[in-house]
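Report on the structure given below.
The values are calculated or read from the model by the stated rules, or taken from the named source; none is laboratory data. Please read these numbers as outputs of a predicted model, since none were measured by experiment. Ideal geometry is used to build each Cβ from the backbone, glycine not excepted, and the neighbour counts take in all protein chains shown. Just the protein is used for accessible areas: all its heavy atoms, side chains included, with ligands, DNA and RNA removed. Shrake-Rupley method; radii C 1.70, N 1.55, O 1.52, S 1.80 Å.
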Amino acid sequence: MPTVDVEKKVLLTIWLLAKLETFLACGDRFGVSRSSAHYIFKQIVVILSSLVDEYIIWPNQRQCEETARIFEERSGIPNVIGAIDGTHIFIKQPVGNSIDYYNRYQCHSVVLQVVCNANKKL
């Protein structure tokens with residue numbers, strides 16, 4: 001397999017995670033073979049999954065109970081330990097594939113989705 005720089009590997013993986021596209025089509029888009037696209041995707045996903053525990057910290061039992069209590073006091077809804085929401089981050093029209101970033105507001109954006117606890121902490 002020819003050498004592929006890390007930035008291209010990450011972009012290829014993000015593309016595959018975000019789009020319903022085959023390894024063949026993605027490989028064509030990024031200038032690599034179908035098998036290389038598959039290998040790169042697996043390689044980056046393994047690396048990302050090894051970092052999960054460092055960046056995603058789940059609440060312990062006590063924190064879950066406290067958060068659920070606060071949410072229930074505020075909303076009357078029991079057993080909630082997180083709130084999820086999203087927003088559009090508006091960007092300049094990208095060159096080349098701008099349609100992929102065109103949203104329902106008739107402008108270009110990327111979507112940010114977050115989960116927070118009752119104290120608005122991520």
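Look through the range 45-66, keep the residues that are of a type in the set (Asp, Glu) and more than 18 Å from Val114 (Cα to Cα), and return whichever of them is surrounded by the fewest Cβ atoms within 10 Å (Cβ to Cβ). Talk me through it step by step, then tell me what you get.
Let us first name the residues in the range 45-66 that are of a type in the set (Asp, Glu), namely 53-54, 65-66.
Now restrict to residues that are more than 18 Å from Val114 (Cα to Cα): 65-66.
Values: Glu65: 13, Glu66: 16.
If we take residues in the range 45-66 being of a type in the set (Asp, Glu) and more than 18 Å from Val114 (Cα to Cα), then Glu65 is surrounded by the fewest Cβ atoms within 10 Å (Cβ to Cβ).
Restricting the range 67-122 to residues that are assigned to a strand (DSSP E or B) and among the polar types (S, T, N, Q), which is least open to solvent (accessible area, probe 1.4 Å)?
Ser109
Testing Tyr105 on (1) modelled with pLDDT under 90; (2) out of contact with any Phe, Trp or Tyr (no Cβ under 8 Å at 6 or more places or on another chain), one condition comes back false. Which one is that?
(1)
Out of the range 31-66, which residues are at pLDDT below 95, in a helix (DSSP H, G or I) and aromatic (Phe, Trp, Tyr)?
Once the filter is applied, which keeps residues that are at pLDDT below 95, in a helix (DSSP H, G or I) and aromatic (Phe, Trp, Tyr), the range 31-66 yields only Tyr55.
Matching residues to (1) closer than 17 Å to Ile14 by Cβ; (2) polar (S, T, N, Q); (3) in contact (Cβ under 8 Å) with a residue 12 or more places away in the chain; (4) not assigned by the TED database to the domain that holds Lys19:
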| site | (1), (2), (3), (4) |
| --- | --- |
| Ala68 | no, no, yes, yes |
| Glu73 | no, no, no, yes |
| Gly76 | no, no, no, yes |
| Val80 | no, no, yes, yes |
| Ala83 | no, no, yes, yes |
| Ile91 | yes, no, yes, yes |
| Gly96 | yes, no, no, yes |
| Tyr105 | no, no, yes, yes |
| Lys121 | no, no, no, yes |
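Restricting to the range 29-66, count the residues that are in contact (Cβ under 8 Å) with a residue 12 or more places away in the chain and β-branched (Val, Ile, Thr).
4
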